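Structure record follows, encoded as structure tokens.
The values are calculated or read from the model by the stated rules, or taken from the named source; none is laboratory data. Note that this is a predicted model, so its numbers are computed, not measured. Quick reminder, even Gly has a Cβ in these numbers, built from the backbone with ideal geometry, and neighbours come from all protein chains shown. Ligands, DNA and RNA are stripped out before the accessible areas are found, and what is left, the full protein with its side chains, is counted by its heavy atoms. Shrake-Rupley method; radii C 1.70, N 1.55, O 1.52, S 1.80 Å.
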Amino acid sequence: SRIFSRIRRWKSSGINAEYGGAPGADGQPGTDGIPGNDGAKGETGPKGERGAPGMDGSNGAKGVKGAPGQKGLAGIKGQKGEKGISGEKGDKGNDGKCNIDDYSPCNCDTHVVTRHSQSVDTPDCPAEFTSLWSGYSLVFFEGNGYGLSQDLGDAGSCLEDFQLLPFMQCSASDVCRHGVRTDKSFWLGTNQGADFASKPMNNIDEILPHISRCRVCMGTKYIIARHSFKATAPACPADFSEIWTGYSYVMVTSSSTSGGGQDLSSAGSCLENFFLPTFIECLGRGTCSYYINNLDYWLAQNQETNQPGMWGMGNVYSGLNDILNQGVSRCVVCARNSL
């Protein structure tokens, strides 16, 4: 800087430096100049390495209470505890009083009763009973000489479909046969009149008018049948009401050794009509007819005589009037009154 200032002085004084003397020796370095202005901001340097974890901060404020969680699963059932020690004997109680039980039954149960019209018309259910289904009045089956009877007061005696032979015969060799010639079914008749000399019927349209119709009914009233052994129907027991009166039907037998009977407490043992013959027989060969060696059994009357238990022994009642007036017992079907 000093050299530059000398040259400027030479130029200002008019001395031509070109023709001066030889250059002198280098002078001493000058003093530091005035600091310059700050330079422009440099580019951002690369990200430094992650520092060491800082110290834990102080505890924050308590948060708001969360919503209740869902109910947990049930725990495993614990083992049975040991038997506790016996307690002390209690004090003697007061003497009890013996009173008549004030219990009375309620009409809470359901009861089923089946009613047979002994005609081609389907009967109605008793009052306060509802219909479950209607059908055809089955008395009993016979297969291979063995019979299975149906209680005419139960639902099993009212089949919804009519077949001459509703069952089939099966063996252990995985073979079943429907309509075996020796198999039979027996149905309540309809008072169409029996011509024992006529040819068996084999046309369904001819057979159906001879098959009684029925209806299965359900209600809350208990049903019983009562038999008088007289020519008049008995009264119902106390707290029971009459549903229908009829004739006391016991059982039937076929031309073979089989047959079937009725539970005399069941409504099926009290038929509303007295027809002879009462039932018609259908065979596996596809025919139905009335046979003179098929027998009906009815409760008999027990007239008031000097020996009432001996009434009618050996008597033969010929004609419908004698049978109705002196022979067959009457009955009544009763329903328990609602409480």
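Quick rundown of the values:
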{"item": "Counted residues, region 239-261 - those being of a type in the set (A, V, I, L, M) and at pLDDT 95 or above", "result": "1"}
{"item": "Considering residues of region 215-242 that are touching a helix residue (DSSP H, G or I) at 6+ places or on another chain (Cβ under 7 Å) and surrounded by 15 or more Cβ atoms within 10 Å (Cβ to Cβ) only, the residue nearest to R285 (Cα to Cα)", "result": "V216"}
{"item": "Filter result for V113 (modelled with pLDDT of 95 or more, hydrophobic (A, V, I, L, M, F, W, C), closer than 17 Å to L271 by Cβ and not in a strand (DSSP E or B))", "result": "no"}
{"item": "Which numbered condition S117 fails, given (1) of a type in the set (G, A, S); (2) loosely packed, with under 15 Cβ neighbours inside 10 Å; (3) over 29 Å from the mean Cα position of the chain (by Cα); (4) closer than 19 Å to V333 by Cα", "result": "(2)"}
{"item": "Single residue of region 120-150 satisfying the filter (in a loop (DSSP other than H, G, I, E, B) and within 15 Å of S212 (Cβ to Cβ)) that is least open to solvent (accessible area, probe 1.4 Å)", "result": "P123"}
{"item": "Hits in region 164-198 (condition: under 13 Å from I211 (Cβ atoms), part of a loop (DSSP other than H, G, I, E, B) and either open to solvent by 80 Å² or more (accessible area, probe 1.4 Å) or touching a helix residue (DSSP H, G or I) at 6+ places or on another chain (Cβ under 9 Å) (or both))", "result": "L164, G189, T190, N191, Q192"}
{"item": "Members of region 185-242 found to be on the phi < 0 side of the Ramachandran plot and of a type in the set (S, T, N, Q), listed by number", "result": "S185, T190, Q192, S198, N202, N203, S212, T220, S228, T232, S241"}
{"item": "Criterion: crowded, with 18+ Cβ neighbours inside 10 Å and at pLDDT 90 or above - qualifying residue of L299, L264", "result": "L299"}
{"item": "Identity of the residue in region 302-315, under 22 Å from G246 (Cα atoms) and either at pLDDT 70 or above or open to solvent by 100 Å² or more (accessible area, probe 1.4 Å) (or both), that ends up farthest from the chain's Cα centre (by Cα)", "result": "E304"}
